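Visitor: Provided herewith is a single structure, encoded as structure tokens, for subsequent inquiry.
The values are calculated or read from the model by the stated rules, or taken from the named source; none is laboratory data. This structure is a prediction, so every number in the text was calculated from the model and none was measured. Don't worry about glycine lacking a Cβ; one is built from the backbone with ideal geometry, like all the others, and counts go over all protein chains shown. To get the accessible areas, we keep the full protein, side chains included, count just its heavy atoms, and leave off ligands, DNA and RNA. Shrake-Rupley method; radii C 1.70, N 1.55, O 1.52, S 1.80 Å.
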Amino acid sequence: MSEVTFGFSAPEIIQAGHVSDDDLQLLKKWQRETNLPQLTDEQPVLFLIATGSSVELWKATIAAHFRIKTKNPVLFKDRNVQNVDLRKITRVMHFAVMPERYGGSTLCFSGLNDTNYQNLDFECCLRMNCIILEAVLQDNNPQDIIYAFDCRGTTFMHAWKFNMHLLKVYLDYVQHGLPCKIKNIHLLHSNRVMHTTYNITKPWIGQEISSKIVLHSSLESTNRFYEWIPKRYLPKEFGGDLKSIRVYHERTMRKLEELQF
């Protein structure tokens with residue numbers, strides 16, 4: 001995380017009782033004694049919230065955050081969403097942050113617009129996901145994140161384009177270096193491709209995250225998904241009360257341009 005402007009301030013979060021000033025000062029003192037890059041006050045706040053102010057856990061999370069980004073810069077470089085490769089992936093896929101939180105959780109949706117596997121750039125897909133996750137933290141400091149991926153249109157030809165090394169890096173970051181909790185990951189309209197991919201990547205997924213991954217069949221995606229998230233929070237593509245996912249994708253892209261990572 002670079003030096004950025006946040007949509008909240010550390011004093012606001014402390015005053016709201018989400019973290020204590022003593023913990024923040026302790027974390028800042030510890031970090032000054034390390035070789036890690038220095039953070040603004042708002043950045044340690046995110047780590048404190050994500051780790052429940054557990055001293056050992058936030059030390060490990062911050063260390064993992066910078067370790068992963070330093071050793072694998074490909075997923076964290078070139079974050080201007082106006083660049084050609086990122087603009088292309090936003091035509092092939094949608095990435096949308098829903099306008100309203102559900103129980104304090106920010107809802108993120110993604111899926112294919114273009115089902116031609118030749119147009120999928122897997123590296124850019126993961127890079128855009130990292131940008132979205134960090135933009136959510138920068139903008140509105142959620143309690144946690146619920147992520148849903150619509151598997152419709154995915155084929156085994158898409159799976160052949162997956163870079164397993166980059167996928168492993170991405171999973172490592174989400175599990176160990178992301179300064180936010182993942183509440184659930186929903187794979188909607190899950191098919192054989194997604195089941196196979198999930199089984200292949202299981203060795204890289206810890207028990208904590210594995211227990212939060214929910215695979216929904218096509219029937220479940222249009223019915224039982226409402227047991228997880230009410231219709232009022234969902235786009236119309238999932239039978240929800242909100243506008244099309246495309247509306248929120250475009251709104252999310254405009255927000256990224258404003259934040260300009």
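Visitor: Which percent of the accessible heavy-atom area of the chain goes to carbon and sulfur, probe 1.4 angstrom?
Guide: 51 percent
Visitor: Near Y173, within a Cβ-to-Cβ distance under 12 Å, what is the net charge of the other residues, with Lys and Arg +1 and Asp and Glu -1?
Guide: Here the charged neighbours net out to +3.
Visitor: Right, next: Please compute the contact order of segment 161-221 in relative form: average sequence separation of alpha-carbon pairs under 8 Å and at least six residues apart, divided by the residue count, as a percent.
Guide: Computed over segment 161-221, the figure is 46 percent.
Visitor: Please state the charge dipole magnitude for the chain, taken about the Cα centre, from unit charges on C-beta atoms (+1 on K and R, -1 on D and E), reported in debye and rounded to the nearest 20.
Guide: For the chain, the charge dipole is close to 760 debye.
Visitor: Which percent of the Cα-Cα distances in segment 175-261 go past 23 Å?
Guide: Summing the P(r) of segment 175-261 above 23 Å gives 41 percent of all pairs.
Visitor: Which pairs break 28 Å Cα to Cα here: K161/K243; K28/K255; K28/K202; K59/K202; K181/K255; K77/K181?
Guide: The answer is K161/K243; K28/K255; K28/K202.
Visitor: Anyone know which of E100, E220, E56 comes out most mobile in the 10 Å Cα GNM of the chain?
Guide: Comparing E100, E220, E56 in a Gaussian network model of the chain, the most mobile one is E56.
Visitor: In vacuo Debye scattering of segment 68-140, one point per C-alpha: log10 I(q)/I(0) at q = 0.16, 0.21 Å⁻¹?
Guide: -0.62, -0.97
Visitor: Also, I was wondering about something else. Can you run phi through the Karplus equation (6.51, -1.76, 1.60; θ = phi - 60°) for segment 16-31 and list ³J(HN,Hα) in whole Hz, with x for Gly and Pro?
Guide: Calculated HN-Hα couplings, in order: 6, x, 7, 9, 9, 5, 4, 5, 5, 5, 5, 5, 5, 5, 4, 5 Hz.
Visitor: Taking the Cβ-Cβ separation of W204 and D241 as r and a Förster radius of 35 Å, what is the calculated FRET efficiency to the nearest 0.05?
Guide: 0.45
Visitor: Between K29, K181, K88, where does the largest GNM mean-square fluctuation fall for the chain, given springs only between Cα atoms within less than 10 Å?
Guide: Sorting by GNM fluctuation, first place goes to K29.
Visitor: Just the C-alpha atoms of the chain: what Rg/Rh do they give, with Rh taken as the Kirkwood radius?
Guide: Values: Rg = 18.2 Å, Rh = 19.1 Å.
Here the Rg-to-Rh quotient is 0.95.
Visitor: Compute the separation of the alpha-carbon centres of segment 70-92 and segment 154-180 and state it in Å as a whole number.
Guide: 15 Å
Visitor: Here is a further query. Only Cα pairs within less than 10 Å get springs; with that Gaussian network setup on the chain, which residue of L36, L187, L120 has the largest fluctuation?
Guide: Top of the fluctuation ranking is L36.
Visitor: If you build the convex hull over the alpha carbons only and average its shadow over all orientations, what do you get for segment 111-261? Give it in nm² to one decimal.
Guide: Average of the hull's projected areas for segment 111-261 equals 9.0 nm².
Visitor: Per residue, how much accessible surface does segment 1-85 expose to a 1.4 Å probe? Answer in Å², no decimals. Mind showing how you got there, number by number?
Guide: Details: 4510 Å² over 85 residues.
Value returned for segment 1-85: 53 Å² of accessible area per residue.
Visitor: Can you give the convex hull volume of the alpha carbon atoms of segment 16-87 per residue, in Å³?
Guide: Normalising the Cα hull of segment 16-87 by residue number yields 113 Å³.
Visitor: Counting alpha carbon pairs within less than 8 Å and at least 6 residues apart, what relative contact order, in whole percent, applies to segment 1-75?
Guide: Values: 43 pairs, mean separation 22.5, N = 75.
Dividing the mean separation by the residue count of segment 1-75 yields 30 percent.
Visitor: If you don't mind, another one. Can you give the extra length, in nm with one decimal, that the chain gains between E123 and K231 once fully stretched, where that is 0.36 nm per residue apart less the Cα-Cα distance?
Guide: Extra length available between E123 and K231 comes to 35.7 nm.
Visitor: Turning to a different aspect of this structure: So how many Å³ per residue does the convex hull of the Cα atoms of segment 27-152 work out to?
Guide: Output value, Cα hull per residue: 125 Å³.
Visitor: Separate question: Can you list, bin by bin at 5 Å, the percent of alpha carbon pairs in segment 102-184, starting at 0?
Guide: Reading the bins upward from 0: 3, 13, 22, 24, 18, 12, 6, 1.
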